[in-house]
Amino acid sequence: MSLKKSVSVFGVTGSIGTSTVDILKSHADKYSVDAVTAHRNVEALAQIARDLSAKFAVIGDPDLYDELCDALAGSGVEAGAGESALIDAAQHPSDIVIAAIVGAAGLKPTLAAIRRGARVGLANKETLVCAGALMTAEVAQHGATLIPVDSEHSAIFQVLEDRPEHQVDRILLTASGGPFREWSLDNMKSVTRAQALAHPNWDMGAKISIDSATMMNKGLELIEAWHLFPVPEDKIEIVVHPQSVVHSMVEYCDGSVLAQLGSPDMRTPIAYALAWPERIKVDVPRLDFATIGGLNFQQPDTERFPALRLARQALQEGGTLPTVLNGANEVAVEAFLRDQIGFLDVAGIVETVMNKIGSHRLTDLDQVFETDAMVRRETAACIAAV
């Protein structure tokens, strides 16, 4: 009988986290749970910690520590709160860490897990967007393993294997196009919060749903793909695929195109990250090819979705500009969710902040955090002036 692998889940109450919990419950014979974390949802965090018999539960907001202690009373689960506790949780000796904290807030705990040589199932794309070269150097230095959890990068990871760069002609990142794929710019001026949150294919959290609607999510994934896979920037293309059945493709030098297909359900890539290099059974809807009808592909429109152009620019210029892109976008998305700015203002504000701050040579991780803090201040000021 094989020993159970221990798992820590960061961002356990979010969409990736709850999907991970579903798999862990289904395969309790294979996995035990070490640490679980959440930002502010004490009730859900405490319930998950109890259900999974976790050893450690951390709430990101330190003001909620006493509430978490009360919720865990009598459970035997140790409680923690704040950034230092998140880092402590990442340093717990679990075999696998699912890094699903949304945004740049996930960078420090992910780094802590990498520095102890963990296998990290990376759902926090901002880690590589903001500090890609620095983070991949840390992975190499500490012997850690990064397994992508984003459906597109998991697809590429599965079909790319360890083939050398010279055999790869293109990586094709697929994008659903979001809820406004067919909308005109005039119509998008009046997009509401509820409309932007209603993704046609995927069930996701609020921030990533807005990023999908603006297509910034695909721009961030472009940058992430460049850091994950040994392919030049000009060989990574984005193609709109409304059905979300083909999760991404790799074209090889002999003309072969290998793709990973599946239902739009995040449990599939999460399960692969947990079981890699093996596979485990997951109860997701199976594809019925006889009834799919057709699979369509089209070029993205960077005029209606300028976030794609901005992300490509950030990747090409490099340095601190991807950090600027990400930080400005996070603040702008939050402002849209609070009805402070319009939908089209999100990308417009990001571009304004990028042009104002520009790119500087990136030398260390402290500079990433300093740049991120400065960008958030500048973006908030820009929003206040709208």
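Test of understanding: extend the Cα→C-beta vector of residue 167 to 7 Å, then name every residue of region 252-267 with backbone N under 20 Å from that spot.
Answer for region 252-267: 252-261.
Students often check this: by mean Cβ neighbours within 10 Å, which of 325-333, 144-152, 62-70, 285-293 ranks highest, and how do the rest follow?
Top of the packing list down: 325-333, 144-152, 62-70, 285-293.
Count neighbours as other Cβ atoms within 10 Å of each site's Cβ, and list the trypsin sites (Lys or Arg not before Pro) in region 31-107 that are DSSP loop with at most 14 such neighbours.
40
Can you pull out the trypsin sites (Lys or Arg not before Pro) in region 100-171 whose DSSP state is coil and whose Cβ has at most 13 other Cβ atoms within 10 Å?
Answer by residue number: there is no such site.
With a point put 7 Å past each Cα toward its Cβ, work out how far residue 302 is from residue 370 in nm, to one decimal.
About 3.2 nm, to one decimal.
Going by C-beta contacts inside 10 Å, put 272, 252 in order with the fewest on the left.
By the 10 Å Cβ count, ascending, the order reads 252, 272.
Can you tell me the mean projection area, over all orientations, of the convex hull of region 92-214's alpha carbons? Units nm², please.
Projected over every direction and averaged, the Cα hull of region 92-214 covers 9.6 nm².
Using alpha carbons only, what's the Rg to Rh ratio of region 292-386 with Rh from Kirkwood?
Result for region 292-386 is an Rg/Rh of 1.06.
Among DSSP bridges having both ends in the chain, what percentage is antiparallel? Round to the nearest 5.
Restricted to the chain, the bridges split so that about 25 percent are antiparallel.
Mind jotting down the distance between the C-alpha centroids of region 252-282 and region 78-150, whole Å?
About 22 Å separates the Cα centre of region 78-150 from the one of region 252-282.
For a test of understanding, tell me how many lysine pairs in the chain have Cα atoms under 17 Å apart, given they are 8 or more places apart or on different chains.
Going through the chain pair by pair, I get 17.
How high is the relative contact order of the chain, in percent, with contacts defined as C-alpha pairs under 8 Å that are six or more residues apart?
Across the chain, relative contact order equals 14 percent.
When the Cα centres of region 50-65 and region 360-378 are compared, how far apart do they sit, in Å?
Using only Cα atoms, the two centres lie 29 Å from each other.
What FRET efficiency would be calculated for the residue pair residue 380, residue 284, taking the C-beta separation as r and a Förster radius of 41 Å, to the nearest 0.05?
The pair residue 380/residue 284 has a calculated efficiency of 0.55.
Among residues other than residue 252 whose Cβ falls under 15 Å from its Cβ, what is the net charge (Lys/Arg +1, Asp/Glu -1)?
Around residue 252, the surrounding residues sum to -4.
Within a Cβ distance under 12 Å of residue 376, other residues only, what is the Lys/Arg minus Asp/Glu net charge?
Around residue 376, the surrounding residues sum to -4.
Assuming 1.306 mPa s and 10 °C, estimate D for the chain with Stokes-Einstein, Rh taken as the Kirkwood radius over Cα pairs, in µm²/s.
Using the Kirkwood radius from Cα pairs, D works out to 75 µm²/s.
Would you mind telling me which residue in 83, 278, 233 has the biggest mean-square fluctuation in a Gaussian network model of the chain, where springs connect alpha carbons within a distance under 10 angstrom?
Among 83, 278, 233, the largest mean-square fluctuation in the Gaussian network model of the chain belongs to 278.
What translational D, rounded to a whole number of µm²/s, comes out for region 5-148 from Stokes-Einstein when the hydrodynamic radius is the Kirkwood one over Cα pairs, at 4 °C and 1.567 mPa s?
88 µm²/s
Quick one: net charge of residue 40's neighbours, Cβ under 12 Å, K/R +1, D/E -1?
Value of the local net charge: -4.
Given the options 306, 226, 256, identify the residue whose Cα lies farthest towards the positive end of the charge dipole of the chain (+1 on Cβ of Lys, Arg; -1 on Cβ of Asp, Glu).
Of 306, 226, 256, it is 256.
Between 224, 78, 370, where does the largest GNM mean-square fluctuation fall for the chain, given springs only between Cα atoms within less than 10 Å?
Taking springs between Cα atoms under 10 Å, the residue moving most is 370.
Every number in this text was worked out from the coordinates using simple rules, so none of it is lab data. Predicted, not measured: the structure shown is a model, and the values here were computed from it. Virtual Cβ from ideal backbone geometry, glycine too; neighbours counted across all protein chains shown.
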